[in-house]
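Reviewing the structure listed below.
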Amino acid sequence: MTDEDDRRPPSGFLSEEQAGRMFADMNEVIRAGEEMRQLRSEMIALFAGAGWPQERIARLSGMSQPAVSKQVTRHGPGSPPPPPELALDQDDTPWLEGRLWGLAEEISEALHHDARCSRFVDAVGRGRKRLTPANVDALRRLVEEDLRLHRTELPGGYRTAYDAISRGLDVPANVAGTGSASVRRTLAHRIQRDRLSGES
């Protein structure tokens, strides 16, 4: 067999480009699963550090109490430190990115998943997209378009929230929040969604 034969896929089979895309998709799912397991582990440690009983964490997370105890032990006492009171208005970039993600999900649901941002936030929620600086910029453009196109259908609080998030992202504050970036994004996402749901 020649080197050329080795490089050529069997007749009627996938091309190298198709195979590359297939494996890339698989790797994305695997990576997303690993990142979600790590995030869950950090959140368990965070709640334990804030004084939540392990039995309650186990019930809410759908894990066994010994599994929760193992995660808490793995992180060690006081790590990560419990956050201060979780105010919506915080200036670090991961927090603002989480707020943007939460706002985009609320817009998507309010427009029955027919928003410009719907596919994007679905991909973020499933771990197929990460909130990199380039993706955050892309999500901002989609949210801006939805807010402009559906001004009369969406509550005014959505635009107010977006303006505050956008100002913070345009002029990043030189501050670091407590906890990892992924934990802060997740907390801000949840708090932003709850705030908007309560206002709409």
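The values are calculated or read from the model by the stated rules, or taken from the named source; none is laboratory data. Please read all numbers here as calculations on a predicted model, not as lab measurements. Positions of Cβ are generated from backbone atoms using ideal geometry, with glycine treated the same way; all protein chains shown enter the neighbour counts. Protein only, heavy atoms only, side chains kept; ligands, DNA and RNA dropped before computing areas. Shrake-Rupley method; radii C 1.70, N 1.55, O 1.52, S 1.80 Å.
Brief remarks follow.
- Cα gyration tensor category, rounded, prolate or oblate, for region 43-139 with a/c compared to 1.5: prolate
- Surface per residue (accessible, 1.4 Å probe) for region 79-164, Å²: 52
- Charge sum, other residues only, whose C-beta stays under 14 Å from ILE44's C-beta, Lys/Arg counted +1 and Asp/Glu -1: +4
- The chain, relative contact order [Cα under 8 Å, separation at least 6], %: 27
- Projecting the Cα positions of PHE120, ILE165, ALA134 onto the charge dipole of the chain (unit charges on Cβ atoms of Lys, Arg, Asp and Glu, taken about the Cα centre) puts ILE165 furthest along the positive direction.
- Three-way shape label, the chain, alpha-carbon gyration tensor, a/c 1.5: oblate
- Whole-Hz couplings from phi, Karplus 6.51/-1.76/1.60, listed for region 166-172; x for Gly and Pro: 5, 4, x, 6, 5, 10, x
- Charge dipole magnitude, Cβ of K and R +1, D and E -1 - the chain, Cα centre, debye nearest 20: 600
- Carbon-plus-sulfur accessible fraction, region 92-155 (probe radius 1.4 Å, protein heavy atoms only): 45%.
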